[in-house]
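Undergrad: Attaching a single structure in structure tokens format; questions to follow.
The values are calculated or read from the model by the stated rules, or taken from the named source; none is laboratory data. This is a predicted model, so every value here is computed, not measured. Note that we place each Cβ from the backbone using ideal geometry, even for glycine, and neighbour counts take in every protein chain shown.
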Amino acid sequence: MVVGGGYAGVMAANRLTKREDIEITLVNPRDHFVERIRLHQLAGGTSEAVVAYTDVLSPRVRLVVDTVASIDAGVRTITLGSGQEMTYDYLVYAVGSAGTTRVAGAAEHAYGVSTYEEATRLKAALDTAPADAPVIVVGGGPTGIEVSSELAEAGGNVTLVCGDRLGPWLHEKGRVAAERDLRRLGVGIIEDARVAEVLAGGVRLDNGRELPSTLTIWTAGFAAPDLARASGLSTDELGRLVTDETLTSVDDDRIIATGDAAAPSGQAYRMSCQAANQLGPLAAETVLARLAGATPEAVSIGFVGQCISIGRGLGLLNFARRDDSAVAARLRAVPAAKVKELICRSTVWAMAMEARRPGSAIGFKDRSRAARVQAAAVTPPDRDPSRLG
Ligand SMILES: Cc1cc2nc3c(=O)[nH]c(=O)nc-3n(C[C@H](O)[C@H](O)[C@H](O)COP(=O)(O)OP(=O)(O)OC[C@H]3O[C@@H](n4cnc5c(N)ncnc54)[C@H](O)[C@@H]3O)c2cc1C
């Protein structure tokens, strides 16, 4: 049973078809695959951001269009939103993430872009707003950069409120390049100020300044759905299921987490399609190993960099070490935009290929992770030796 049909869930379900004698069910709320990495394009009207499951999911996988409302690990049962109960032998938890809005007024007045439904609602609002209506995008991360540039390129009057800095995770040279191209598209950039409150017609910053906005778009912060925590499973502060390094839940070895919703050793990878595409097949390998009575291997994935679109015509590829720390090497402007489009297409190709030839998807390895995980491991308070005796 795979819960969640995003990048990680589809990859996991496809990889599970390596074994012919098992039944694989995928539960997802929609009957089509959502290309989340194109949701800013959906909002801006340059992509539908959907792909038919028949194009990316193996015909051996049964798709159930529903939402998992709860997991009862004790009896290995899930309850669907429709009320139906289903049993499983192994459950792959791949529910992804969504935006979080922790600031006053954001839930009422801000639009999101982190789910298909949010992006569709945002597009409808943009379509009916006056062309020169002020738009504020909150959050200087990759999603904020992609959304603000997409809308500014289409002629929007867009201001990006970054919080501390624009793209703080980028190398300084990459950051400067991103800023230059955003400004070239006409995006106003405000740094060193956080949105303290979203109002009906604007935002109030933490320095007291108020900015008018017809549409405020919230991109600052992502968290996993509440399903695991509400089902009594251990989660981290962002709701991700805590697992060991084989992606197996620390509470139950029949539950394997993957993608944005997984926190291996409590030290999650960056929420990204880049990680989800690699973690999906590896979650399936853990299930396959357990089914075969073997000991699953610790998973290892690595990053290449961050590739951000800046409108349709520009982009930035800031390369990174395998551990995701940015380096100075970068590709920018038009070549980076072309690479970004290639990446978007290749994620779909990779799922389609894995559906046809399970085992074909390969990832990177970050050999430094084991040492980092060990060094950062925190002794739980009740096992703290200094408290014993
Ligand atoms: C605008 C935007 C641009 C992005 N661009 C990039 C990028 O360029 N590069 C990059 O690496 N990352 C990017 N990301 C992040 C990337 O999209 C996510 O990290 C990635 O989608 C995670 O994959 P996933 O399979 O874990 O989750 P998802 O793709 O979110 O899939 C999870 C699925 O589970 C479903 N689900 C949730 N709850 C339940 C439930 N209870 N029952 C059943 N199903 C459920 C969801 O509806 C969804 O279909 C971007 C995100 C956004 C919003």
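Undergrad: Out of (1) within 13 Å of the ligand (Cβ to nearest atom); (2) under 18 Å from residue 148 (Cα atoms); (3) not assigned by TED's automatic domain parsing to the domain that holds residue 200, what's the single condition that is false for residue 116?
TA: Single failed check for residue 116: (3).
Undergrad: Within the stretch 173-185, which residues are farther than 26 Å from residue 100 by Cβ and either surrounded by 17 or more Cβ atoms within 10 Å (Cβ to Cβ) or within 24 Å of the chain's Cα centre (by Cα) (or both)? Show your work before the answer.
TA: First, pick out the residues of the stretch 173-185 that are farther than 26 Å from residue 100 by Cβ: 173, 176-177, 180-181, 183-185.
Residues satisfying the conditions are 177, 181, 185.
Undergrad: Considering the stretch 342-365 alone, what residues qualify as being under 16 Å from residue 304 (Cα atoms) and not in a loop (DSSP other than H, G, I, E, B)?
TA: If the condition is that a residue be under 16 Å from residue 304 (Cα atoms) and not in a loop (DSSP other than H, G, I, E, B), then 342, 343, 344, 346, 347 are the ones that fit.
Undergrad: Hey, can you tell me all the residues within the stretch 181-207 that are among the charged types (D, E, K, R), part of a loop (DSSP other than H, G, I, E, B) and farther than 17 Å from residue 146 by Cα?
TA: So in the stretch 181-207, the residues among the charged types (D, E, K, R) come out as 181, 183-184, 191-192, 194, 197, 204, 206.
Next, from what is left, pick out any that are part of a loop (DSSP other than H, G, I, E, B): 191-192, 194, 206.
Result: 192, 194, 206.
Undergrad: Here's a follow-up. Just one of the numbered conditions (1) hydrophobic (A, V, I, L, M, F, W, C); (2) more than 12 Å from the ligand (Cβ to nearest atom); (3) over 18 Å from the mean Cα position of the chain (by Cα) is not true of residue 138; which one?
TA: So the condition that residue 138 fails would be (3).
Undergrad: If you check 367, 345, 322, which single one turns out to be more than 19 Å from the chain's Cα centre (by Cα) and either away from the ligand (no atom under 16 Å from the Cβ) or over 22 Å from residue 166 (Cα atoms) (or both)?
TA: Unique residue meeting the criteria: 367.
Undergrad: Right, here's the next one. For residue 260, are the conditions met, namely being in a helix (DSSP H, G or I), within 12 Å of the ligand (Cβ to nearest atom) and surrounded by 17 or more Cβ atoms within 10 Å (Cβ to Cβ)?
TA: yes
Undergrad: With (1) free of Cβ contacts under 8 Å to residues at least 60 places away in the same chain; (2) surrounded by fewer than 18 Cβ atoms within 10 Å (Cβ to Cβ); (3) closer than 23 Å to residue 81 by Cβ as the list, and residue 60 as the residue in question, which single condition is left unmet?
TA: Of the numbered conditions (1) free of Cβ contacts under 8 Å to residues at least 60 places away in the same chain; (2) surrounded by fewer than 18 Cβ atoms within 10 Å (Cβ to Cβ); (3) closer than 23 Å to residue 81 by Cβ, the odd one out for residue 60 is (3).
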